Amino acid sequence: MARISDLIASGRTFSFEFFPPKTDVAQLTLGRTISELEALAPSFVSITYGAGGSTRQRTQQLVQWIRQETEINPMAHLTCQGHTKAEIADILRTYAESDVENILALGGDAPADGSSAASDYAYASELLDDVVAAGRFSVGVAAHPEVHPRSADRASDRRHLAAKLRRADFAITQFFFEARVYLEMVEELRALGVDKPILPGIMPVTNKSQIVRMAELSGAAFPSWLADRLDRVESADDVRRVGVEAATELCAELLAQGAPGLHFYTLNRSTATREIYANLGLPVGN
Ligand code: FAD
């Protein structure tokens, strides 16, 4: 297994994000997805933490299962939401004992019912400090190319991100649809003296209304040229084909412009990611 900081230092990384399934059927789907994507030899996979800290057990179990039962290197997401410092110390100890080497330290989404989960941590930077202090992990943070929806303004968003990145090993971005927004953020961070690796997060459109809703929540602009391309087709298969084409073009541009890797939001499915891999000429296994 490996620390993500070492993997990035030795070349481009290609990675996938999964969420812990809620039902037995969803569990079977994820099992199939993991075995299909294992053939792509990902650098690592990351496992999300439910809004409000709601999937603590399931995230831990899935990360540990991947660590023990597959050849894939897992990264555990961990959020401020709903946690005391003692609970975080306990979770980190459990991960260290299971040889999990990578943690993504996040602010976390609030629970879907609008309640707020009391926490000892106000911002991801405070959680980051505790994960770094544990001394066992390669640590990543979230970056928001189009600025986090709660940010007071762009300049303060970039300053807070730069402060996190001075202590973290790398960042992974929220998804976006135009390379320009990623490249601008990288430049703005360089101007603040930060050049840690930032892995672009890629969300292929496979269902237009679902992605438009997710983009609204995350603050990502859904460009009119992409909406127009999707409006010109009707069947679900054609929407997926256009979504994969657009994501392929985005990935190719990001790699050409020197991105240190690609991180795919898979929504626990493998087909779109495998098609993009093939389109980019990356090895797709058997
Ligand atoms: P923070 O870094 O705390 O930033 C949140 C806001 O506070 C920003 O506007 C920032 O500018 C501002 N801020 C930061 N520090 C300060 C300060 N000192 N003073 C004032 N303002 C400050 N959510 C989940 O619940 N589970 C997941 O598994 C998950 N995975 C994610 C993976 C990736 C790659 C990304 C990009 C996001 C993920 N999220 C996840 C969503 C994320 O938790 C939310 O977007 C959350 O609202 C912000 O997280 P953050 O880590 O950027 O928080």
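The values are calculated or read from the model by the stated rules, or taken from the named source; none is laboratory data. The structure presented is a predicted model; accordingly, all values stated were derived computationally and were not measured. Note that we place each Cβ from the backbone using ideal geometry, even for glycine, and neighbour counts take in every protein chain shown. Note: accessible area is taken over every heavy atom of the protein model, side chains too, but ligands, DNA and RNA are not part of it. Shrake-Rupley method; radii C 1.70, N 1.55, O 1.52, S 1.80 Å.
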Quiz prompt | Search result, residues across region 254-266 that are open to solvent by 20 Å² or more (accessible area, probe 1.4 Å) and under 20 Å from residue 16 (Cβ atoms) | solution = 255, 260, 265
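Got a sec? Which strands (runs of 3 or more DSSP E) wholly within region 126-244 have at least 1 residues that are hydroxyl-bearing (Ser, Thr, Tyr)?
Fully inside region 126-244 and qualifying: 138-143, 170-175.
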Quiz prompt | Test: residue in region 190-201 that is farther than 26 Å from residue 246 by Cα, within 14 Å of the ligand (Cβ to nearest atom) and acidic (Asp, Glu) | solution = no
Quiz item: Taking region 223-261 on its own, how many of its residues are farther than 23 Å from residue 280 by Cβ and hydrophobic (A, V, I, L, M, F, W, C)?
Solution: 2
Quiz item: So which of 224, 235, 209, 270 ends up being hydroxyl-bearing (Ser, Thr, Tyr) and touching an Asp or Glu at 6+ places or on another chain (Cβ under 8 Å)?
Solution: 270
Quiz prompt | Hits in region 125-152 (condition: within 11 Å of the ligand (Cβ to nearest atom), open to solvent by less than 10 Å² (accessible area, probe 1.4 Å) and out of contact with any Ser or Thr (no Cβ under 6 Å at 6 or more places or on another chain)) | solution = 127, 128, 140, 141
Practice problem: For residue 284, work out the one condition from (1) out of contact with any Phe, Trp or Tyr (no Cβ under 9 Å at 6 or more places or on another chain); (2) within 16 Å of residue 37 (Cα to Cα); (3) at pLDDT below 95 it doesn't fulfil. | Solution: (1)
Quiz item: Given 96, 117, which one is within 15 Å of the ligand (Cβ to nearest atom), open to solvent by 10 Å² or more (accessible area, probe 1.4 Å), touching a residue at least 40 places away in the same chain (Cβ under 8 Å) and closer than 19 Å to residue 60 by Cβ?
Solution: 117
